[in-house]
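Here the structure comes first, spelled out in structure tokens, and everything after it is commentary.
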Amino acid sequence: MTETFEAVVHYSQNDEIAVVTIDAPPVNAMGVAVRAGLHKALSRAFAEPSVKAVVLIGANDKFIAGIDIKEFGGPRNGVKLSDLQALIEQADKPVVAAIDGFALGGGLELALAVPFRISAARARLGLPEVNLGLLPAGGGTQRLTRLLGPEAALDIILSGRHLTAEEALRKGLVDRTVATALLPAALEFARTVVAASTPIRKIIELTDKVSGVDFEIFTAIRKKNESKWRGMVAPYKIVECIEAACRLGPREGLEVERNAFQVCLDAPARAAQVHLFFAERKAAKLPAGDAAARPRPIKSTAVIGAGTMGGGIAMALANAGYEVKILEISQDALDRGLDRVRSNYATSVTRGSTSQATADAALARIKGVLDYGALGDADLVIEAVFEDMALKQETFRKLDAVAKPGAILATNTSTMDIDAIAGATNRPGDVIGLHFFSPAHVMRLLEIIRGTKTSSETVATVMSFAKEIGKMPVLARNSDGFIGNRILKVYGRESEFLLEEGATPWQIDKALQAFGFPMGVFLMRDLAGLDVSWRVRQYRARFRDPNDRYSPVADRICELGRFGQKTGKGYYRYDGRTAVPDPEIEALIEKVSADLGIGRKPISDDEIVTRILTAMVNEGAFILGEGVARRASDIDVVYVHGYGFPKYRGGPMFWAENQGLAKVYETVQGFHARFGKLWRPAPLLAELADSGSGWPTGEES
Ligand code: 3H9
């Protein structure tokens, strides 16, 4: 007979073994009800005289995804995770945690308080709290350090990575893995434990593992990550807790962990990172209007163009297990492209991020072809040729002639008009933009751009395909630069104006880095190369309104043949890969200011950051108001995952909401009055400032 507690935890008995099942779809998150239900079910099991051992398992092939993330920031009610752990650790009956799917965060911490753990071979285990600006405060830092030692604990908790069951077994995090059905294996395991009277081991009481620690590792890891962790709280607190686990007894260690958790909880980074967690998931959902569409099956794929982007896209597809044909126009170009792909895999193997066998298998899935006819059987073709409209249209005309009916035809453009590209075919409903970010096999963001005629089926197919290949999709409507590059244009433009008015590239870069960007805008441009955008500017000059303010600094730098790092000079001069401020550039900028009649004066770092961020937000508000982005949080996802906006600040739109939209609007108005037309406030921003509300939440479905 099954009893159910709080509607989410079931209790049943299999002879002398009690089975406690957490059943809280979709991911068995441990909210108030689950914790209360667990407390009741476990108490029931421990009190039942006929029960000799307990199996703790999750329904729907999942263990527990952690504490319910929605709880953070609000009042914490009811049974605590530590109450459950105390209940288990004080019981004289053994408990076996049976882990399928995943045991994450508080889920793994609960399992760590359980004396025995068995896992399905496909399960993943981890303490990913750091990604939420938090730390595993259910004793995770203390128990994991005691179980595996400080080095492994630092690696697992600071990375937040998910361990495979095989690695968990190797490290001693689980006692056994099984490839067969989990519940029968767990019951058998529990019976063996009972029969053998296996002693119950409480990790929290283990102290032997943490003796002989070299305490230098804590100083070293802080130092090594100094720039990566700038502005963050959680990683430092995690190191502090793991160090405490080595220095202090269990009770004092848990106290340190509790206090450290509270500091993280109160830090702005936590709110920002939790915002991003939900933003990423909302962004991946289909719009209500497309929800009824059925995704088409994608089995075979193809990429046109074996350049850096094409090769990276092919790798992303092959890594996810897809067969990929990669097309080039000449054997020479194809060989060069495939060589680059091979060398990328070799680098991953050398770095240890991929095994040789995995790299070989992925490489074997990539096949070079020279003839469009070879693309006839592909379910999805991604064009990645040079950013030139005529070339793209020509490519799509050829593709239209050979692609099978129903194939999705995608363009990896980063700015161009999807409708104009789709117009070159007789099937615009099947055409869509897939803007990958470089390197495409590494970067997770995928901007998906629907044209006016793109069908719901096409959208549904690529949204689900994006998840298949491990990308983070953000759906946008067709607009020059879509979401990401449209804002980038404004971001770069404002930075250039600041140069003309008195700043230097190194001052701006330093101010942006101090805000949290890994790299300032000019360092980033030097790294990417200045020549391509110079060419684009030359082409676009004819469309520019001559009355708009335009900074010629970038053009003047290019005219000197300074194309960035690759020529040893750009906004900076380079000593190897080290960027050095260059007086020649300072003089060039001063001359531009003089030519334009702009009196240079000192600009504070604060003004630099405020101007650049406010410009980004105002453009974001235009994008939102025009319906190019579905919701403000989609813009945040794009900026954090594609453009280095600091994750712990939640994205530009989240930053703006924290400032208060009325205040941001006022700043925009001030700049509008000072600098004119390019600072025209977005109507949506004006409207929201007036109403005193935040960004509209957008579609929730
Ligand atoms: C913690 O445990 C703190 C303790 O150490 C401290 C104790 C004192 N809560 O990602 P998906 C929702 S912190 C609430 O699309 P997948 C998610 O929002 C927690 N909701 O599926 C989505 O909802 P919706 C540490 C959660 O299969 C739905 O589930 N744990 C939670 O691609 C499906 O999610 C983590 O950080 C949660 N904990 O991936 C794990 N988790 O349908 C966070 C998920 O309404 N979770 N949801 O949009 C994950 O990494 C992934 O969700 C997971 C599944 C791998 C589990």
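On full extension of the chain, what length is gained from Ala196 through Ala179, given 0.36 nm per residue of separation minus the C-alpha to C-alpha distance? Gain on extension, Ala196 to Ala179, equals 3.7 nm. By DSSP, the beta bridges lying fully in the chain are antiparallel in about 30 percent of cases. Using R₀ = 45 Å, calculate the FRET efficiency as 1/(1 + (r/R₀)^6) where r is the Cβ-Cβ separation of Arg294 and Ala673; round to 0.05. According to the calculation, E is roughly 0.30. Please work out how much length the chain gains when fully extended from Ile329 to Ser464, using 0.36 nm per residue of separation minus the C-alpha to C-alpha distance, in nm with one decimal. So the chain would gain 45.5 nm between Ile329 and Ser464. If you bin all the Cα-Cα distances of region 518-649 at 5 Å, starting from zero, the percentages per bin are 2, 8, 13, 16, 20, 20, 12, 6, 2, 0. The portion of the accessible surface of the chain made up by carbon and sulfur, rounded to a whole percent, is 54 (1.4 Å probe; DNA, RNA and ligands excluded). Extending 7 Å from the Cα toward the beta-carbon at both Arg76 and Val349 defines two label points whose distance is 4.8 nm.
Cross-link partners of Lys367 among lysines, defined as those whose alpha carbon lies under 16 angstrom from its own and excluding same-chain residues fewer than eight positions apart: Lys299, Lys325.
Beyond 21 Å between alpha-carbons counts as too far, so tell me which of Lys282/Lys392; Lys510/Lys601; Lys40/Lys93; Lys392/Lys453 fall in that bin. Lys282/Lys392, as the Cα separations exceed 21 Å there.
Compared with the dominant Cα axis of the chain, that is its longest principal axis, helix 234-247 is turned about 30°. Peptides 533-540, 636-643 ranked from most to least packed by the mean count of surrounding Cβ atoms within 10 Å: 636-643, 533-540. For a test of the definition: using alpha carbon positions, the gyration tensor, and the 1.5 limit on a/c, classify region 297-479 as rounded, prolate or oblate. Since a/c reaches 1.5 and a/b is larger than b/c, the shape of region 297-479 is classed as prolate. Cross-link reach is defined here as a Cα-Cα straight distance under 16 Å, omitting same-chain residues fewer than 8 places apart; for Lys202 the aspartates and glutamates meeting it are Asp83, Glu89, Asp92, Glu109, Asp175. Counting only alpha carbon atoms, the long axis of helix 81-90 and the longest principal axis of the chain meet at about 30°.
Averaging Cα coordinates gives a centre for region 262-319 and one for region 4-43; these two points are 33 Å apart. How high is the FRET efficiency from Leu560 to Met519, r the C-beta distance, R0 22 Å, rounded to 0.05? Here the calculated transfer efficiency is 0.45.
Gain on full extension, evaluated as 0.36 nm per residue between Arg170 and Asp360 minus their Cα-Cα distance, stands at 65.9 nm.
A straight Cα-to-Cα reach below 15 Å connects Lys467 with the aspartates and glutamates Glu280, Glu447, residues fewer than 8 places away in its own chain not being considered. Protection proxy ranking, highest mean first, for peptides 271-277, 158-164: 271-277, 158-164, where packing is the per-residue count of other beta-carbon atoms within 10 Å, averaged. Over the chain, Cα pairs under 8 Å with separation of 6+ residues give a relative contact order of 9 percent. The Cα-based radius of gyration of region 3-265, divided by its Kirkwood radius, gives an Rg/Rh of 0.96. Most simply put, region 297-479 has about 15% antiparallel DSSP beta bridges, counting only bridges with both residues inside it. Computing FRET efficiency as 1/(1 + (r/R0)^6) for Arg535 and Glu188, where r is the C-beta to C-beta distance and R0 is 56 Å, gives about 0.25.
In this rough spin-label picture, where each label sits 7 Å from Cα along the Cβ direction, the Asp548-Arg600 distance is 2.6 nm. Taking 0.890 mPa s as the viscosity and 25 °C as the temperature, the Stokes-Einstein diffusion coefficient of the chain based on its alpha-carbon Kirkwood radius rounds to 88 µm²/s.
Neighbours of Ala364, meaning other residues whose beta-carbon lies under 12 angstrom from its beta-carbon, give a summed charge of +1 when Lys and Arg score +1 and Asp and Glu score -1. Derived scalar couplings between HN and Hα for region 617-630 equal 5, 4, 5, x, 5, 4, 4, 6, x, 7, x, 5, 9, 7 Hz in order, rounded to whole Hz, by the Karplus curve 6.51 cos²θ - 1.76 cosθ + 1.60 (θ = phi - 60°), x for Gly and Pro.
In whole percent, what relative contact order does region 388-478 give with Cα contacts below 8 Å and a gap of six or more residues? About 25 percent, as a whole number.
When you restrict to C-alpha pairs under 8 Å that are six or more residues apart and normalise by the size of region 297-479, the relative contact order lands at 21 percent. Using heavy atoms of the protein chains and a probe of 1.4 Å, the accessible area assigned to Met30 is about 0 Å².
A simple spin-label model places pseudo-atoms 7 Å from Cα toward Cβ; at Phe277 and Asp61 they are separated by 2.4 nm.
From its DSSP helices (H runs of at least four residues, each -39,500 (n - 2.57)), the chain gives a residue-normalised ellipticity at 222 nm of -15000 deg cm²/dmol.
Packing order of peptides 108-119, 499-510, highest average first: 108-119, 499-510 (average count of other Cβ atoms within 10 Å over each peptide's residues).
Shown for region 192-235 is the translational diffusion coefficient from the Stokes-Einstein equation, using the Kirkwood radius over Cα pairs, a temperature of 37 °C and a viscosity of 0.692 mPa s: 229 µm²/s. 3J(HN,Hα) couplings calculated from phi for region 139-148 with the Karplus curve 6.51 cos²θ - 1.76 cosθ + 1.60 (θ = phi - 60°) are, in sequence order, x, x, 5, 7, 6, 5, 5, 5, 7, 10 Hz; Gly and Pro show x.
The values are calculated or read from the model by the stated rules, or taken from the named source; none is laboratory data. All figures in this text were calculated on a predicted structure; none of them were measured in a lab. Here the Cβ is made from the backbone with ideal geometry for all residues, glycine too, and neighbour counts use every protein chain on show. To get the accessible areas, we keep the full protein, side chains included, count just its heavy atoms, and leave off ligands, DNA and RNA. Shrake-Rupley method; radii C 1.70, N 1.55, O 1.52, S 1.80 Å.
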